[in-house]
Amino acid sequence: MSRKHLIFLAPLAIVLVLVVIFWKRLMDVSGGYDPRVIPSVLLNTPLPEMALEGLPGRTGGPARNGLSTENLKGKVSLVNIWGSWCGTCVIEHPMLTEIAKSGVIDIEGIAWRDTPDASMAWLKRYGDIYNRIGQDPRSHVAISLGVTAAPESFLVDKNGVIRYKVSGAITREIWEQELKPLIAQLSQ
Amino acid sequence: MIRTLVAALLFATAAVAVEPSERLADPALEARAREVSKALRCVVCQNETIDESHAEIAKDMRLLVRERIKAGESNDQVISYMVSRYGDFVLLMPRFQSTTVLLWLAPLLLLGTGALFVMRRLKRAGPAAPGLSEDERKELAKLTGGGRP
């Protein structure tokens, strides 16, 4: 084959390169990578300002009701966005319960696109493990956080800066391997 | 008649999810809101604009767009806000910036490379072969048995 005919191998070479790229991606997806998850652009930026109303009828007094950015300063917290309509939130709840019971960190809840009645009923059924709860019925805060689905959780440091985002349920793996070490680091 | 009917039905299914209750009173502002909505991707149904998508969050994003426009923000400011929250992916048309230069220029580059190849092949082929001389034509006729092939 003369040298000028080698150029005809170019399309094959391009296809092979593409095959390698696509194969790698396929392996990523089967390994758990979700291409629909939009990476957070808010990492290491301050938590957006919020002043959310609490759930009427929730016991524990004003210290537990309503959520504002002020409340979060001075401590490391886990902000969890959930809804009574959200199936995955039910699946996540036992893990959150365990985290709350462990006392490692306070979990602040944002009731997203919900009514107070529905939220209270859900908490009664599954257990109220939140420290504070704020209502976000029209997604203002959710959008400001770049939330696409529930549940999503944000780890916020003492200065109110977002340090980690979990899209989807917090699993034991994520808790042990990502959140817990980071919390220990941020709490120093 | 049938064709017009079919065409009408096809166009009638143009996707719009904006409900009457969402619309702004001022038609100019509403038109801007629609324009902005059509530039934003629904983050749940990611192949639709928030204008088309029936997802709940799309509706909330539409309302937020209208709120911000009503508050006096420009189209660009509203879009920038969404990008600051969700990243570039929320734009349906990627911006021309350092991370997307290759994306934008790739078609041009590919076309250019192809054109280069074509030109080089044309040049190498050389001038067209000269026609046959009288003698060569006779030779050809002898070899091919006279008649046209």
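The values are calculated or read from the model by the stated rules, or taken from the named source; none is laboratory data. If you're wondering where the values come from, they're calculated on a predicted model, not measured in any experiment. Ideal geometry is used to build each Cβ from the backbone, glycine not excepted, and the neighbour counts take in all protein chains shown. Accessible surface areas use protein heavy atoms only, side chains included; no ligands, DNA or RNA. Shrake-Rupley method; radii C 1.70, N 1.55, O 1.52, S 1.80 Å.
If I go through the range A:128-148 residue by residue, how many of them are of a type in the set (A, V, I, L, M, F, W, C), in contact (Cβ under 8 Å) with a residue 24 or more places away in the chain and over 19 Å from A:Arg64 (Cα atoms)?
Looking only at that region, the number is 3.
Go through the range A:28-67 and give me each residue that's of a type in the set (A, V, I, L, M, F, W, C) and either within 24 Å of A:Tyr130 (Cβ to Cβ) or loosely packed, with under 15 Cβ neighbours inside 10 Å (or both).
Passing the criteria: A:Val29, A:Val37, A:Leu42, A:Leu43, A:Leu47, A:Met50, A:Ala51, A:Leu52, A:Leu55, A:Ala63, A:Leu67.
Yes or no, residue by residue, for (1) closer than 23 Å to A:Asp136 by Cα; (2) away from every other protein chain (no Cβ under 14 Å); (3) out of contact with any helix residue (DSSP H, G or I) (no Cβ under 9 Å at 6 or more places or on another chain):
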position	(1), (2), (3)
B:Glu19	yes, yes, no
B:Val44	yes, no, no
B:Ile69	yes, yes, no
B:Val78	yes, no, no
B:Thr99	no, no, no
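Suppose we filter B:Ser21, B:Ser84, B:Ser37 for residues that are among the hydroxyl-bearing types (Ser, Thr, Tyr) and within 20 Å of the chain's Cα centre (by Cα); which single one remains?
Sole residue among the options that is among the hydroxyl-bearing types (Ser, Thr, Tyr) and within 20 Å of the chain's Cα centre (by Cα): B:Ser37.
Return the residues of the range A:171-188 that are open to solvent by 40 Å² or more (accessible area, probe 1.4 Å), in contact (Cβ under 8 Å) with a residue 24 or more places away in the chain and farther than 20 Å from A:Lys73 by Cα; say none if nothing qualifies.
Matches in the range A:171-188: A:Thr171, A:Arg172.
Condition check: assigned to a helix (DSSP H, G or I), more than 14 Å from chain A (Cβ to nearest Cβ) and surrounded by fewer than 18 Cβ atoms within 10 Å (Cβ to Cβ). Does B:Ala28 satisfy that?
Yes, satisfied.
Does B:Arg121 qualify as being free of Cβ contacts under 8 Å to residues at least 12 places away in the same chain, out of contact with any His (no Cβ under 9 Å at 6 or more places or on another chain) and under 30 Å from A:Asn44 (Cβ atoms)?
no
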